[in-house]
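The structure appears right after this line, and notes come after that.
Each value in this text was obtained by applying a stated rule to the coordinates, not by laboratory testing. Keep in mind the model is a prediction, meaning the values are calculated, not measured. We place every Cβ from the backbone using ideal geometry, glycine too, and count neighbours over all the protein chains shown.
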Amino acid sequence: MHMADALLAPAVAATMYAASGVAAGVSVYQLKKDDDAQKLPTMAVTAALVFAGQMINYTIPGTGSSGHMCGGMLLSALLGPQAGFLSMIVILTIQSLFFADGGLMALGANIWNMAFYGCFVGYYLLWRPIMRSRLFAGLGPRGGQRARIALASVLGCVLTLQLGAFSVVLETSLSGVTDLPFGAFLALMQPIHLAIGLVEGLVTAAVLLFVYASRPELLQDVDSAGEAAGKRSLKSTLVILAVLVLAVGGGLSLLASSDPDGLEWSLFGNAEAGYSENMGLDEESFGVHSAAADKAGAIQEASSFLPDYAFPGSESPAGTSVSGVVGSALVAGVALLICLAGGFFRKKKSH
């Protein structure tokens, strides 16, 4: 769902930067009150995990399309919506600047579409209410909790990806991309992102259920009273997740589907593989052309040292593995630096 600069008019891009900037400012302000020191290493590891996870495009059978996780629901369930949102900003900014994944001018829109809904709407509308409910109480304390985690994960990912896909369509329509009739584009984007959201929901549920079994207190709004028996230590849990980051980013990323993702599929189709052309846009020349987009593109070209997660001018699979490991390390490091610089998650002294 990473939008290219050509899909946005500069005015729309600036508006989305402003909206995402306000949400980021509010998040920073609210995090100043957080004193949970466990969130510092958890934020670094889980942000890296989402970066690595986004590198794996999974095929949507029978469509010629693929999808990848967004990660907002996963991060907000572990860190809370504010820390999750800032983590997503780090991920999307590093992807844009260093890997040319998503336009730089479109970064504000991508943050809103991929991070705001998952971290705030998904958390406050679904995750927290479901976690605090009595749903599945008949399954017992642990069984009911596991069922609520799975339900909130799937419903949250489906809903927030639908909202993100709708926003993409709305933003391109407001940008005056005349090649994209609103209704036709919407009819392509929503169903394909429904399928993508279902898969992401299952993946998110699997990770969160592992965390619940290991360190239930890491999950937001989950009652961890009486859960001490059989838990892993925080260090062991984070080490397992860090190993998963390396395995996904450095290894499983090589198995990613080559089919276009949901947005690209909607725009360009996949006629080469025998599927529909969908909107049938020309991949070499489409959308809105502007001086702002050209400037952003020039900056991105200069800053991206592993464009498209590969060595420049090389098709070696090693480029993908290196991108996964280096990108994950960058995300974890920047997330830690931001937390330390902002004074987030420091235990406050009692007086």
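Points to keep in mind about this one:
- Under DSSP loop assignment and at most 15 Cβ neighbours within 10 Å, longest GluC sites (Glu not before Pro)-free interval of the chain: 1-276
- For region 17-91, the spherically averaged projection of the C-alpha convex hull amounts to 5.9 nm².
- Extension gain for E283-S303 works out to 4.9 nm (0.36 nm per residue, less the C-alpha to C-alpha distance).
- The amide H of I60, built 1.01 Å from its N in the peptide plane, has S65, S66, G67 as neighbours under 5 Å, considering only residues 5 or more places off or on other chains.
- Cα centroid separation - region 271-330 against region 145-169, whole Å: 27 Å
- Highest-fluctuation residue, G25, G62, G280 considered, GNM on the chain with Cα pairs under 10 Å: G62
- Direction-averaged projected area, Cα convex hull, the chain: 18.2 nm², rounded to one decimal.
- Here the alpha carbons of region 1-141 define both size measures, Rg and Dmax, at 16.4, 54 Å.
- Spatially close lysines, pair count over the chain: Cα under 15 Å, gap of eight or more or interchain: 9
- Calculated FRET value between D35 and S233, using beta carbons and R₀ = 22 Å, to 0.05: 0.55
- Nearest-ten-degree value, helix 234-250 long axis tilted from longest Cα axis of the chain: 20 degrees
- What the Cβ-Cβ distance of A291 and L209 gives, at R0 = 45 Å and to the nearest 0.05, is a FRET efficiency of 0.35.
- Extent along the principal axes, Cα only, for region 12-53: 37, 30, 7 Å, with the longest axis given first.
- Note on L255 and A329: the model spin-label points, each 7 Å out from Cα along the C-beta direction, lie 2.5 nm apart.
- Label-to-label distance, A11 versus D221, with points set 7 angstrom from Cα along the beta-carbon direction: 3.8 nm.
- Rounded to the nearest 20 debye, the dipole magnitude of region 232-294 is 840 debye, with +1 charges on Lys and Arg beta carbons, -1 on Asp and Glu beta carbons, and the Cα centre as origin.
- Cα gyration tensor shape of region 135-284, rounded if a/c is under 1.5, else prolate or oblate by comparing a/b with b/c: prolate
- Under the simplified labelling scheme, the L170-Y275 pair shows an inter-label distance of 2.6 nm, with each label point 7 Å from Cα along Cα→Cβ.
- Positive-end ranking of L151, I56, L135 along the dipole of region 19-160, with charges on Cβ about the Cα centre, is headed by L135.
- Net charge dipole size for region 203-307 [Lys, Arg +1 and Asp, Glu -1 on Cβ; Debye, nearest 20]: 880 debye
- Taking the C-alpha atoms of region 64-157, convex hull volume expressed per residue in Å³: 109 Å³
- Taking only Cα atoms of region 212-341, radius of gyration then Dmax in Å: 20.9, 60
- Anisotropy class of region 185-253 from Cα gyration tensor, a/c 1.5 cut: oblate
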